[in-house]
1. Could you grab me the full set of residues in the stretch 67-91 that are at pLDDT below 90 and under 13 Å from the mean Cα position of the chain (by Cα)?
2. Residue check: is Phe60 farther than 19 Å from Trp11 by Cβ and among the aromatic types (Phe, Trp, Tyr)?
Amino acid sequence: MDYATTLTAAWMGIHLIGLVAAWGLRMHCGGRFESLTQTCFLMSLLLVSVTTLVGHVCSFELWHLSAATLAMMILLAVIDFRLDRPLAAGI
């Protein structure tokens, strides 16, 4: 593999790890592995945000996808997608 292919594969791997960490955080919410998944999520959030910043500064043409991955990670961490909770009164 040449240099550009290796960097692209690493870039894709970082983003995949970030999305899996965000999904794992949501799946283990309230469980015994919650602190471990929170730590993994925060580390991957830092890694994806640095990747986004470096991509923007270095004019990497796919830095917009890094920003979209970062936004999806934040939304996955904040929004509760479980269906077993009742809706709030007034909504």
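1. Taking the stretch 67-91 first, the residues at pLDDT below 90 are 76-91.
Passing the criteria: Leu76, Ala77, Val78.
2. On the way: farther than 19 Å from Trp11 by Cβ: no; among the aromatic types (Phe, Trp, Tyr): yes.
So Phe60 does not fit the description; no.
The values are calculated or read from the model by the stated rules, or taken from the named source; none is laboratory data. From a predicted model like this one, the values you see are computed outputs, not experimental measurements. Positions of Cβ are backbone-derived with ideal geometry, glycine not excepted, and every protein chain shown enters the neighbour counts.
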